[in-house]
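Read through the structure below, which is laid out as structure tokens, and then see the notes.
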Amino acid sequence: MRGFWFTVESVIAGILVVTFMGFIVTRSFTPPEDDLTSLAYDTLKQLDDQGVLRPYAQANNYSYIDSQVRGVSYGHAVQICSLSTCVGSVPNGDNVWVGTFITAGNNLYAPREVKLYLYR
Amino acid sequence: MKGQFFLLGALLLIILFFVALPRSLPTLREPSNDLPLLADNILREYPIVFNFGLNSSNQISLLRNFTSFVNETLADRNIRARIFWVFTNATSGYESVFSSGGGGASSTDTINLTVGNFLGENTSFKATETFSTNSVTVGDNATYSTNLIVLGSLFNITLNFSRSIPTVEWVRDKGNLYVYLELERGGSVVRKELSA
């Protein structure tokens, strides 16, 4: 009977070791996640090229800019910051990426930092 | 029965390891490869600020203010920005000189050249144009203005300061701007220049 339990123990120990090693090896060879910072920046730049970003950043209208973010298959939120204050929301989550776009102003000097958060 | 307890203990430790692992991952990600994007973005904005200043005749204060805005915005993200800019404007002043050769008269215009040093250190600056050279040491967070005489509607000027020695071709009768930008975070450094 003693030999039987030794066998069971060794099988369980083997399963644990193989599982652990498998986990480590899988993590080592998993390709890095996409860089969503570039995607966030490109999205903001595209909005600026379309003339959508600058006037609404100057007006601190973060919800309108957020509504214009299209073609992105992730959750998104927009925040607009001047030196003194920020408006908009910062999402909570385990995987949140942020891209930043700085604008000097639209029809007058009014510098803003527009942050686009992308999250899963 | 001792072995079973060791096994249970090991199992418990592994379960704890798997449970705790996701919590150790950062929640907000911002890789260092965003520096070139930010540098491009900032350099594109400087001519816009310069034009706002042209319209309201307060280029120096707007460029200073925007530089502070960039510095403070990036400092929140552990990015160190070093910025140096030079711009010229045609002044209303006009002065004639006589050419040394044939007695005919030609005219030159005086341009106003302004330097802004936000490199985080004092820097020597030398502007060399065909007819004039101007050397000065510009303190950190300081600006310096001088007049230069140029001949012809297009002129080449060499701007020599501690980080770079660019030669740019500028137009006498319009505003010209040169910006040097260096962004640093950790071991990553991006250097870019713009002449407009």
Top-ranked residue in the stretch B:21-35 [being more than 8 Å from every other protein chain (Cβ to nearest Cβ) and either open to solvent by less than 50 Å² (accessible area, probe 1.4 Å) or within 21 Å of B:Asn65 (Cα to Cα) (or both); ranked as modelled with the highest pLDDT]: B:Leu35
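For the stretch A:38-66, name all the residues that are of a type in the set (Gly, Ala, Ser), surrounded by fewer than 17 Cβ atoms within 10 Å (Cβ to Cβ) and closer than 15 Å to A:Val87 by Cα.
Of everything in the stretch A:38-66, those that are of a type in the set (Gly, Ala, Ser), surrounded by fewer than 17 Cβ atoms within 10 Å (Cβ to Cβ) and closer than 15 Å to A:Val87 by Cα turn out to be A:Ala59, A:Ser63.
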Check the stretch B:112-120 and report whether any residue there is more than 14 Å from the chain's Cα centre (by Cα) and open to solvent by 60 Å² or more (accessible area, probe 1.4 Å). no
If we keep just the residues of the stretch B:157-196 that are under 24 Å from B:Asp34 (Cα atoms) and basic (Lys, Arg), which is surrounded by the most Cβ atoms within 10 Å (Cβ to Cβ)? B:Arg185
Give the stretch B:111-143 a look and list any residue that's among the polar types (S, T, N, Q), closer than 24 Å to B:Phe69 by Cβ and part of a strand (DSSP E or B), or say none. B:Thr114, B:Asn117, B:Thr123, B:Thr143
Look at A:Ala104 and say whether it is of a type in the set (A, V, I, L, M, F, W, C), surrounded by 18 or more Cβ atoms within 10 Å (Cβ to Cβ) and in a helix (DSSP H, G or I). no
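The values are calculated or read from the model by the stated rules, or taken from the named source; none is laboratory data. All values derive from a computational prediction rather than experimental measurement. All Cβ positions, glycine included, derive from the backbone under ideal geometry; neighbour counts span all protein chains shown. To get the accessible areas, we keep the full protein, side chains included, count just its heavy atoms, and leave off ligands, DNA and RNA. Shrake-Rupley method; radii C 1.70, N 1.55, O 1.52, S 1.80 Å.
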